Amino acid sequence: VQLQASGGGLVQAGGPLRLSCAASGRTFSSYAVGWFRQAPGKEREFVAAFSRSGGSTYYADSVKGRFTISRDNAKNTLYLQMNSLKPEDTAVYYCGAGRPILSSIRSSLGYRIWGQGTQVTVSS
């Protein structure tokens, strides 16, 4: 499966943005899928994810209540709706797919397939 992330851009603090991640080559319905982000000089960090079954979602504490992860299996697309954006949300956002064990779903090490990243910049 290949992933293509899109939807990034420049937005003012407090505004919304929706990211998309389109999968091709194979359905990602059997994978755990998630969003990670990486700011300059920092490590890639977990944002949100679906479990492999798709029945559970997980969020980083820093985005809980502001971001919503969703998926459309018919379109083979993953989304991240981001509301109430803050300057500290500025980063390159990556979508990933993999088969991490549940206890490691927040670790990037469990995701073997990555999209190219899309830049999100939040101005204050």
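Using a probe of 1.4 angstrom and keeping all protein chains present, the accessible surface of the chain works out to 51 square angstrom per residue. Annotation note: chymotrypsin sites (Phe, Trp or Tyr not before Pro) in region 80-124 located in DSSP loop regions with a Cβ neighbour count of at most 15 within 10 Å are absent.
Please report, as a whole percent, how much of the solvent-accessible surface of the chain comes from carbon and sulfur atoms (probe radius 1.4 Å). Within the chain, the accessible surface is 48 percent carbon and sulfur.
The values are calculated or read from the model by the stated rules, or taken from the named source; none is laboratory data. Predicted model only: the values in this text are computed from it and were never measured. Counting neighbours? That spans all protein chains shown, and the Cβs are built from the backbone with ideal geometry, glycine included. For the accessible areas, the whole protein counts, side chains as well, though only heavy atoms, and no ligand, DNA or RNA atoms are used. Shrake-Rupley method; radii C 1.70, N 1.55, O 1.52, S 1.80 Å.
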